[in-house]
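These notes concern the structure reproduced below.
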Amino acid sequence: VRFPEDLEDDNTTFNPEYSHQVFGDDEVAFGYKGLKILLYYIAGNLSTLFRIEYTSKVNEKFDCVEADDVESKIREIIPPGFCTNTDDFVSLLEKEVNFKPFGMLLHTYSVHNEEAGEDITYQIYKADMTCPGFREYHERLQTFLMWFIETASFIDVDDERWNYFLVFEKYNKDGATLFATVGYMTVYNYYVYPDKTRPRVSQMLILPPFQGEGHGAQLLETVHRYYMSSPTVLDITAEDPSENYVKLRDFVLVKLCQDLLCFSPGKLMQGFSQEMVMEAQQKLKINKQHTRRVYEILRLRATDMGDAEQSRSYRLDVKRRLIGPYKKKQRELAKMRRCLRPEELTNQLNQIDLNMQHEQLEESFQQLVSDYRRVLERLAQA
């Protein structure tokens with residue numbers, strides 16, 4: 001909500017992707033007809049208005065059943081101090097002009113908005129719990145995780161090893177410059193013996209109204225650039241990354257790596273090298289596993305897949321990596337041959353069908369190439 005009229009505007013509304021963390025696996029609230037759970041957030045500081053509406057509710061006296069206590073379920077997520085009536089909320093909205101982003105400005109960029117016919121400015125900040133008011137703001141911000149990240153949990157904000165990176169949109173209201181929350185990322189700094197840290201991305205969310213505009217890539221690249229400048233950082237990883245996050249990371253890392261000398265077309269065609277691992281880690285804080293994916297994407301770009309020899313060389317190179325888990329199975333099988341009785345061995349052999357392995361390998365390769373092509377298409381448009 002930026003303006004009072006937004007309260008009645010369905011265009012500013014977005015629905016949760018997940019509610020099982022609040023309402024169980026069936027995502028059901030029992031005992032109501034026409035139930036609406038309404039959560040309004042002021043765009044900048046995320047002050048909250050919470051209301052429940054329904055046309056009817058089961059009555060315990062007559063129906064011998066009790067409706068779910070929806071209000072208490074929501075109260076477990078949203079921090080105290082929220083509004084329950086519109087007038088209080090609108091009066092808070094009038095004070096929104098005083099809200100300013102927390103922490104240190106890292107990056108400013110603009111995105112062209114077709115609807116508005118103009119460029120809109122966005123800024124990325126790094127904050128921590130010492131910033132006045134940030135703790136309370138973060139309590140409100142993290143409530144979105146429960147609705148948009150499938151296995152979300154709230155973090156221990158008293159642990160000083162957390163870093164917070166925030167994206168804001170700048171907009172004008174009655175001649176004043178205001179800020180709207182776009183999304184954020186939390187990063188935990190793990191200790192690596194003897195004197196390094198390994199930042200690990202924990203949670204990342206771009207709010208639905210801003211998705212598909214490139215903010216995730218801007219945020220991830222800004223965070224990488226922030227840590228790249230630190231001599232104590234070993235490399236940057238992510239905790240249990242989603243499929244979408246991996247695709248985003250592929251794009252950002254390829255964009256960062258493509259101008260490194262070790263990834264020149266001539267060197268790419270010679271195969272994956274220790275030089276690539278060293279340069280990517282030292283200059284860009286990228287680990288070996290991620291560097292390998294970058295190499296495969298950039299080599300695909302340098303490869304003429306219409307040329308039988310180049311295509312075959314690329315396919316074998318990628319499949320040699322993909323076959324790792326299958327090779328492990330083969331080693332386990334060799335051990336079994338030595339240890340198992342014939343009938344037990346036959347049983348195990350039935351589970352390891354070589355034809356099926358080849359099919360799975362080919363399927364994995366084709367899926368990977370398809371994903372890589374999308375990264376290269378996006379890179380060509382960037």
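The values are calculated or read from the model by the stated rules, or taken from the named source; none is laboratory data. All values derive from a computational prediction rather than experimental measurement. No Cβ is skipped: glycine too gets one built from the backbone with ideal geometry, and neighbour counts run over all protein chains shown. The protein model used for the area step is the full one, side chains on, heavy atoms only, and it has no ligands, DNA or RNA in it. Shrake-Rupley method; radii C 1.70, N 1.55, O 1.52, S 1.80 Å.
Sorted into 10 angstrom bins from 0, the C-alpha pair distances of segment 61-186 split as 10, 32, 34, 17, 5, 3, 0 percent. Size of segment 2-94: Rg and Dmax of its alpha carbons, in Å, are 15.0, 46. Computed per residue of the chain from DSSP H runs no shorter than four, each worth -39500 (n - 2.57), the mean residue ellipticity at 222 nm is -13000 deg cm²/dmol. Each Lys or Arg adds one and each Asp or Glu takes one away; over the other residues whose Cβ falls under 15 Å from the Cβ of Glu213, this sums to -4. Working from label points 7 Å from Cα in the Cα-to-Cβ sense, the Lys95 to Met269 distance is 6.6 nm. Computing the accessible area with a 1.4 Å probe over protein heavy atoms, can you report the carbon and sulfur percentage for the chain? So the carbon and sulfur contribution to the accessible surface is 47 percent.
Calculated from the alpha-carbon coordinates, the chain shows an Rg and a Dmax of 25.8, 83 Å respectively. Remark: segment 112-128, residue by residue, has Karplus-estimated 3J(HN,Hα) of 6, 9, 4, 4, 7, x, 8, 7, 10, 8, 10, 9, 10, 10, 10, 10, 8 Hz, where x stands for each Gly or Pro and the curve is 6.51 cos²θ - 1.76 cosθ + 1.60 at θ = phi - 60°.
Once the mean of 1/r is taken over each pair of separate Cα atoms and inverted, segment 98-298 shows a Kirkwood hydrodynamic radius of 18.3 Å. Over the chain, accessible surface divided per residue gives 57 Å², non-protein components excluded, 1.4 Å probe.
Could you compute the longest span of the chain free of GluC sites (Glu not before Pro) located in DSSP loops and having at most 15 other Cβ atoms within 10 Å, not counting the site residues? Formally, the longest exposed-site-free interval is 240-382. Modelled this way, with points 7 Å down the Cα-to-C-beta line, the labels at Tyr171 and Gln282 are 4.7 nm from one another.
Per-residue extension of 0.36 nm, minus the Cα-Cα distance of Gln211 and Asp6, leaves a gain of 71.9 nm for this segment. The stretch between Val58 and Tyr193 holds 42.6 nm of extra length on full extension. This uses 0.36 nm per residue minus the Cα-Cα distance. If you wrap the tightest convex hull around every Cα atom of segment 90-149 and split its volume per residue, you get 162 Å³. Residue order by solvent-accessible surface for His290, His112 is His112, His290, largest first, with ligands and nucleic acids left out and a 1.4 Å probe. Between Gln310 and Lys33, residue separation times 0.36 nm minus the direct Cα-Cα distance comes to 93.4 nm. Which of Lys255/Lys285; Lys126/Lys283; Lys283/Lys319 have a Cα-Cα distance over 25 Å? Beyond 25 Å: Lys283/Lys319. With a point put 7 Å past each Cα toward its Cβ, work out how far His358 is from Tyr245 in nm, to one decimal. Result: 3.8 nm between the two label points.
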